[in-house]
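First up is the structure itself, then whatever we jot down about it.
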Amino acid sequence: PGIFYMLSGEGHFVRVNRQFLAVSGYSREEFGHMCATDFFDGDDQALVDERVQEVFKQGTARWQAEFVVRSGRRIPYDFTGHRTFIDSKPYLVGVGVDITERRALQRELELQARTDFLTNTFNRRHFMELAAQEFERAARYDGTFSVLALDLDKFKMINDEFGHETGDRSLCAVADTLRRSLRKAD
């Protein structure tokens, strides 16, 4: 499922597998005029150039970058590179694996770790992290800030009298009302 590539010491493609062609949208003939950094932009382009040089100097490297295909689509990939010699000439051989699903799962897990599943609001752990950041910011700039604490009086009575499902809906309604009332910066 991965893409395979072989680069010359100058960073130009010597070989690629069919998967690389399929993913990138380029033909085998076009690869003859391309180098590894052509598939990246911005900071990723500099990172790839560094890692390719690292492979030729150190023998191996691994990195993650956004692979930009012909259509302009950016695909997160995990890349490896290893130096090898053929007829005394150095080459880089490597494999790239699409990590789109892994990144999506990681974002979902991070969201779950900081969000209450019922109300979709930040949980206590995330609140404490944000509060610590705000305390530091206030101290750094000799500023102040406010904290609003709400208590839903007699909430237990809703659960006891009308059931937990109604209590859950009530909590969600309060959270939605607060969410609509707050500014993005709050």
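The values are calculated or read from the model by the stated rules, or taken from the named source; none is laboratory data. Remember, it's a predicted structure, so these values are computed and weren't measured experimentally. Because the Cβ atoms are built from the backbone with ideal geometry, glycine has one as well, and the counts that use them run over all protein chains shown. Heads up: the accessible areas ignore ligands, DNA and RNA and are worked out on the full protein's heavy atoms, side chains in. Shrake-Rupley method; radii C 1.70, N 1.55, O 1.52, S 1.80 Å.
Structure above, values below:
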item: Residue 104 vs. criteria closer than 30 Å to residue 173 by Cα, open to solvent by 40 Å² or more (accessible area, probe 1.4 Å) and within 21 Å of the chain's Cα centre (by Cα); result: yes
item: Filter result for residue 118 (open to solvent by 70 Å² or more (accessible area, probe 1.4 Å) and of a type outside the set (Gly, Ala, Ser)); result: no
item: Any hit, the range 24-40, residues being over 26 Å from the mean Cα position of the chain (by Cα), loosely packed, with under 15 Cβ neighbours inside 10 Å and closer than 30 Å to residue 107 by Cβ; result: no
item: Residue in the range 65-87 that is more than 19 Å from residue 17 (Cβ to Cβ), touching a residue at least 40 places away in the same chain (Cβ under 8 Å) and assigned to a strand (DSSP E or B) present; result: no
item: Residue in the range 122-141 that is within 30 Å of residue 3 (Cα to Cα), assigned to a loop (DSSP other than H, G, I, E, B) and of a type outside the set (D, E, K, R) present; result: no
item: Qualifying residue in the range 132-142 (condition: under 33 Å from the mean Cα position of the chain (by Cα), at pLDDT 90 or above and open to solvent by less than 60 Å² (accessible area, probe 1.4 Å)); result: yes
item: Selection from the range 157-186 of residues that are of a type outside the set (Lys, Arg), closer than 14 Å to residue 118 by Cα and either in contact with a Gly (Cβ under 7 Å, 6 or more places away or on another chain) or open to solvent by 100 Å² or more (accessible area, probe 1.4 Å) (or both); result: 164, 165
item: Subset of the range 42-62 [open to solvent by less than 20 Å² (accessible area, probe 1.4 Å) and either hydroxyl-bearing (Ser, Thr, Tyr) or within 22 Å of residue 18 (Cα to Cα) (or both)]; result: 48, 52
